[in-house]
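Report on the structure given below.
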Amino acid sequence: MTKEEFTDLTLRKVESFIEENLDKDPAKLALSSQGSSLPIPLIASQLKYLQRARTKLPTYYNHRCILPPRAFEQSTSERSAALKPFQGSLFLDLTAGLGVDSKAMASIAEALTCVERDPVLCEVLTHNFAKMGLPLPQIINDSAESFIQTYQGPELDVVYLDPDRRGEGDIRLEDPALFSPNLFNTLPRLLEIGKEVWVKFSPLHDVYQIPVQFPQTTSVMVISVDGECKEVLAVFQKNMNTSLPSFQARISRAGESWSYLFHRGNKPSNLIDPSEPYMYLHQADVSLYKLRRVSEWWAEVAPTIKGGMNHPQGYFFSQEGVSAALPVRSYAIIRVFLYKPKKIKKTLQNIGIKKLEISKRQFPFSVAEIRKSIGIQAGGPYHLICTTFPDGSKRAFLCEIES
């Protein structure tokens, strides 16, 4: 976003026009408003992102904040930010962007400094915080690297960094040495100025590689929202060199939230009996799969449910439904097949199922291969869930979703 575009969006006549057309289709509005003296393409873009903000950034939407497209795309959601267990009074956000994480810090901070290299985004931050009625943090137009080299203030409780993890051609980078800033080079200085340093990694990053690469790691968090892994965060502390960092799953799902803490070492759990006629299949939240702690988690939270895991990263089976509020997706099992595609195809035809969704874990064939082998379209209320049992048998479960 340019300075001129920001200024245009703060004009009262532009704000009024946006308010009057808040529910209009942006593309149709742009076509129908040709010839207007207002900056219609800019307004259409703002409408598009305000409409998307209804779910991702509801507070920003409710206060009609300005949403630069690139900053919006790169920002976390308010629900993800709210799951981060920030503690302390002095905070520094080195990569403020649209300020969603800064907003979460501001709710508990006595003093918050936001660093942002884009001068227009600095103005957007000031404007949006005022719109939302939040205390204005100290906003500094600078790069993270430059700011930390000259910082001479008090020791901070939390230093937060969301490094740029995109290379040339918008390629995703997984090596922290290629992040901007380079995390290996930057972390020692960050630990000089902060008691804790929080760094955001890609949701695809291997959580168990972080303590290997950085011995200062004290905690690794996986944040998921509505069954989707949104963030991987690492917390570092100075003078720490531990082989036993904690691992956390922090989950928001259907209006509820959960937090689970794990340490090194998995606890054993009962393996499923392939001859048992189970009634329900349960899939744990994606964050627990990401942490590879599904078996341990079920052993802790579901000791009264009759069933067992077929694999440490697999599904949970039971004779009864899950009554407690848990971050799981549950399915009622209609029929169980040994994986023989021709037989499955014929059975589905006989019972009149023409569409179903397919998923799998610990199974040698892709979803596309399974769908092709049984010749069925995607969609409908039914699910075919494929997995491998401990005895090596490949099974497919025809199910309907319970919750």
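Scanning the range 6-28 for residues that are touching a residue at least 12 places away in the same chain (Cβ under 8 Å) and open to solvent by less than 70 Å² (accessible area, probe 1.4 Å) returns Phe6, Asp8, Leu9, Thr10, Val14, Glu15, Phe17, Ile18, Asn21, Leu22, Pro26, Ala27.
When we screen Val225, Val207, Val232 for residues that are of a type in the set (A, V, I, L, M) and under 20 Å from Gln87 (Cβ atoms), the only hit is Val232. Residues in the range 39-59 that are more than 19 Å from the chain's Cα centre (by Cα), touching a residue at least 24 places away in the same chain (Cβ under 8 Å) and open to solvent by less than 30 Å² (accessible area, probe 1.4 Å): Leu42, Ile43, Gln46, Leu47, Leu50. Checked against (1) outside any strand (DSSP E or B); (2) under 25 Å from the mean Cα position of the chain (by Cα), Ile358 passes all but condition (1).
The set of residues in the range 123-137 that are free of Cβ contacts under 8 Å to residues at least 40 places away in the same chain, outside any loop (DSSP other than H, G, I, E, B) and open to solvent by 20 Å² or more (accessible area, probe 1.4 Å) comprises Thr126, Ala130. Within the range 168-196, restricting attention to residues that are in contact with a Ser or Thr (Cβ under 9 Å, 6 or more places away or on another chain) and either of a type in the set (A, V, I, L, M) or not in a strand (DSSP E or B) (or both), the residue that is surrounded by the fewest Cβ atoms within 10 Å (Cβ to Cβ) is Glu174. Of all the criteria given as (1) surrounded by fewer than 20 Cβ atoms within 10 Å (Cβ to Cβ); (2) in a strand (DSSP E or B), the one not satisfied by Tyr208 is (2).
Would you mind stating whether Ser219 is buried (at least 16 other Cβ atoms within 10 Å of the Cβ), touching a Lys or Arg at 6+ places or on another chain (Cβ under 7 Å) and either at pLDDT 90 or above or in a loop (DSSP other than H, G, I, E, B) (or both)? No; evaluated as a whole, the condition is false for this residue.
Within the range 381-403, the set of residues being assigned to a loop (DSSP other than H, G, I, E, B) and either at pLDDT 90 or above or among the β-branched types (Val, Ile, Thr) (or both) comprises just one member, Pro381. Specify which of the listed residues (Leu92, Leu98) is open to solvent by less than 20 Å² (accessible area, probe 1.4 Å), at negative phi and assigned to a loop (DSSP other than H, G, I, E, B). Result: Leu98 is the single residue among Leu92, Leu98 that is open to solvent by less than 20 Å² (accessible area, probe 1.4 Å), at negative phi and assigned to a loop (DSSP other than H, G, I, E, B).
The values are calculated or read from the model by the stated rules, or taken from the named source; none is laboratory data. These numbers come from a predicted model, not from an experiment. Every residue, glycine among them, receives a Cβ derived from its backbone with ideal geometry; neighbour counts consider all protein chains shown. Just the protein is used for accessible areas: all its heavy atoms, side chains included, with ligands, DNA and RNA removed. Shrake-Rupley method; radii C 1.70, N 1.55, O 1.52, S 1.80 Å.
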